[in-house]
Amino acid sequence: EFATALSRIIQGEEPDKASLIILLSARPGEEEEALYREADNFRARYVGEEVHLRGVIEFSNHCRRLCHYCGLRADNRRLRRYRMEKEEILKSARMAVELGYGTVVLQSGEDTWYSAEMLAELVATIKGMGLAVTLCVGERSREEYALWREAGADRYLLKHETANPRLYHRLHPGMSWEERITCLQWLRELGYQVGSGNIVGLPGQTLEDLADDLLLLRKLRVEMAGIGPFIPHPDTPLGSYPAGSLELTYRVLAVARLVLPWAHLPATTAVGTLSPNGRQLALQRGANVVMPNLTPRKYRGDYQIYPGKICVNEEPADCRYCLEGMIHSLGRRIGRGPGHALRPLTEN
Ligand code: 5AD
Ligand code: FES
């Protein structure tokens, strides 16, 4: 059964939910090894040996939302909140140029203190440094997304988090799954390279939900997909639930490579947090991107989406050299240039 499902997918058959569930249930040993081997083959064939580095500037940890899993949630009074000033953000972007990164990701909690105009100005200035810009600041109006696109933003990350609307509504009070999908459609219409993705191992999530995550990513024709394990944060409502399984996360990632062969798939920081060689293994099981932290060290500990996040005591340059070593030790090379989507929009 497993072997049949795998061979049908690698021959490019349109995946159905049942075969995705079979692949996601690969058993340790031969089945998992075959899955990881095929994912690595697809990675080599479609996106090659380059590993793209995306420098992430976590510029504010203020957030108006109440996501049940996230340490930045508005209700978390134990978190020391910070906002980086414009000049400080630009300094981090200049560091990205120095370290040879082609892309900066401007990431924050949903913090409306930064007006659309302010962010547009930042985007334009950073674009002027020759960098590609990815925004990751949550749900905003179509007009705001349009303004940033006009200012030069290339990409936008907005994870759908889970394709199960009921689970989504349970974990995101006051938010709407349908509205999130609408945001993703706007971003697409506005010509962004769109990234989405999901958390693996959320309390109450099933394999069927994960198969739906993969089908949704295909339907959205995403250029990027971030797939990481749930990590419980003690100061959140999900603090006492177990972490997502790392092995299951690798299986979702590997199947994602098979169903989205051209997509940029990061070896996520969350995978690196659950295991010291987590990102290396992810890079060998479908991933082709890593996202080094560019946030000034004094703020890193406070961008606590989940506890134990790696690189909190490192400086931006430390992560650069750490990742260079990691990539070379895997026999791969660092991506040059902006590392844009490898396929024209909507043709994934
Ligand atoms: N565990 C794993 N991932 C998390 N995220 C937020 N909180 C957690 C957690 N506790 C992820 C979400 C979000 C991204 C920035 O971090 O997917 O989109
Ligand atoms: Fe930050 Fe390795 S990536 S220390």
Practice problem: Quickly run through segment 302-329 and pick out the residues that are free of Cβ contacts under 8 Å to residues at least 40 places away in the same chain and within 16 Å of ligand 1 (Cβ to nearest atom). | Solution: VAL312
Quiz prompt | Scope segment 206-230; condition farther than 21 Å from ALA263 by Cβ and either touching a strand residue (DSSP E or B) at 6+ places or on another chain (Cβ under 6 Å) or crowded, with 22+ Cβ neighbours inside 10 Å (or both); matching residues | solution = PHE230
Practice problem: Go through GLY138, GLY197, GLY152 for me and flag whichever is part of a loop (DSSP other than H, G, I, E, B), at positive phi, modelled with pLDDT of 95 or more and in contact with a helix residue (DSSP H, G or I) (Cβ under 8 Å, 6 or more places away or on another chain). | Solution: GLY152
Quiz prompt | Meets criteria (small (Gly, Ala, Ser) and either under 23 Å from ARG218 (Cβ atoms) or part of a loop (DSSP other than H, G, I, E, B) (or both)) for ALA317 | solution = no
Quiz item: So which residues in segment 314-337 are within 22 Å of LEU131 (Cα to Cα) and either buried (at least 17 other Cβ atoms within 10 Å of the Cβ) or among the basic types (Lys, Arg) (or both), if there are any at all?
Solution: PRO316, CYS319, ARG320, LEU323, GLU324, ILE327, ARG333, ILE334, GLY335, ARG336
Self-check item: Selected residue (only one of LEU258, LEU281, LEU207, LEU238 is within 11 Å of ligand 1 (Cβ to nearest atom), more than 16 Å from the chain's Cα centre (by Cα) and over 21 Å from VAL105 (Cβ atoms))
Solution: LEU238
Quiz item: Can you find a residue in segment 257-274 that is farther than 30 Å from ILE10 by Cα and outside any helix (DSSP H, G or I)?
Solution: no
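To keep it simple, each residue is scored yes or no on (1) open to solvent by 20 Å² or more (accessible area, probe 1.4 Å); (2) away from ligand 2 (no atom under 11 Å from the Cβ); (3) farther than 24 Å from ARG343 by Cβ; (4) not hydroxyl-bearing (Ser, Thr, Tyr).
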position	(1), (2), (3), (4)
ARG257	no, yes, no, yes
HIS264	no, yes, no, yes
GLN284	yes, yes, no, yes
TYR303	no, yes, yes, no
LYS309	yes, no, yes, yes
Quiz item: If you go through segment 125-135 one residue at a time, do you hit one that is under 23 Å from ALA317 (Cβ atoms), within 16 Å of ligand 2 (Cβ to nearest atom) and of a type outside the set (D, E, K, R)?
Solution: no
Practice problem: Would you please name the residue that is nearest to VAL51 (Cα to Cα), looking only at residues in segment 106-121 that are open to solvent by less than 50 Å² (accessible area, probe 1.4 Å) and out of contact with any Leu (no Cβ under 7 Å at 6 or more places or on another chain)? | Solution: GLN107
Quiz item: Just wondering, is there one or more residues in segment 53-62 that are without any contact (Cβ under 8 Å) to a residue 60 or more places away in the chain and open to solvent by less than 20 Å² (accessible area, probe 1.4 Å)?
Solution: yes
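The values are calculated or read from the model by the stated rules, or taken from the named source; none is laboratory data. Predicted, not measured: the structure shown is a model, and the values here were computed from it. Please note: Cβ atoms are built from the backbone with ideal geometry, for glycine as well, and neighbour counts cover all protein chains shown. Keep in mind that these areas ignore ligands, DNA and RNA; they rest on the heavy atoms of the full protein, side chains included. Shrake-Rupley method; radii C 1.70, N 1.55, O 1.52, S 1.80 Å.
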